[in-house]
Amino acid sequence: MATQLETARGIVRVPTGVWTVDPVHSSVEFRVKHMMISTVRGRFGEFEGLIEAAPDYHDSKVRGTVKAASIDTNEPRRDDHLRSADFFDVENHPTIGFESTTIEHVEKGDYRVTGDLTMHGETRPVSFEVTVHGVTPDPQGGSRVGVEVRGTISRGEFGLRWQQALETGGVVVADEVRVSADLSAVCTREAES
């Protein structure tokens, strides 16, 4: 069983194998400025993800999908507006997806993962900062790894351009959206020896 972090030449990494994100013990969240002065926080309640950790981390792959309609900002009317054609247009674009194209090691357990993000029918390359926090035995007898993801995207680049100007200058919703995910993934297939 993969029960310890793999280290080689000071690189902390996810042990080789296939790891499936456990949504019950994970979160996918975002923050965006509202009216230029406050921050609205939200999360997505339905998502899935997969880490295919190869022997050489450069060959590893990361994939994830979020159900756009599962957005929750703790305000039902705002959530309905975000699901509408003004924003995510969930009837025509029900999912947000990410698939990695390159993985670069920064230091220790820190990586830069670049890939294609598809949202609102638009696909753009984005990079996320990723930290591998650790791996531990799972109560069910397997292994579990903890990974934190951070990044910033421009919603306008994905066609989410709804806006309203403020009388005092500025806009209601900022273009820059900060994305974060705290992921707990279970090893579903060990590396073949």
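Computed from the coordinates by the stated procedures, all read-outs in this text should not be read as laboratory data. None of these values were measured; they are calculated from a predicted model. No Cβ is skipped: glycine too gets one built from the backbone with ideal geometry, and neighbour counts run over all protein chains shown.
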Original post:
aspartates and glutamates near Lys108 by alpha-carbon distance under 20 Å, same-chain residues fewer than 8 away left out - which ones?
Top reply: Glu6, Glu52, Asp56, Asp59, Glu129, Glu148, Asp182
Original post:
Say R0 is 22 Å: what FRET efficiency, to the nearest 0.05, do Glu122 and His25 get from their beta-carbon distance?
Top reply: 0.10
Subject >> Loop-located GluC sites (Glu not before Pro) in region 60-123 whose Cβ has at most 10 other Cβ within 10 Å (DSSP) >> reply: none
**OP:** List, in order, the whole-Hz ³J(HN,Hα) value for each residue of region 143-148 obtained from phi through the Karplus relation with A = 6.51, B = -1.76, C = 1.60 and θ = phi - 60°; use x for Gly and Pro.
**Re:** 10, 9, 10, x, 9, 10
Subject >> Unit Cα scatterers, Debye sum, region 15-94: log10 I(q)/I(0) for q = 0.15, 0.24 Å⁻¹ >> reply: -0.67, -1.10
**OP:** Among Arg63, Arg77, rank each residue by its count of other Cβ atoms within 10 Å, from fewest to most, as a rough exposure measure.
**Re:** Arg77, Arg63
Original post:
Per the Kirkwood treatment, what hydrodynamic radius in Å, one decimal, follows for region 11-151 from the mean inverse distance over all distinct Cα pairs?
Top reply: 16.5 Å
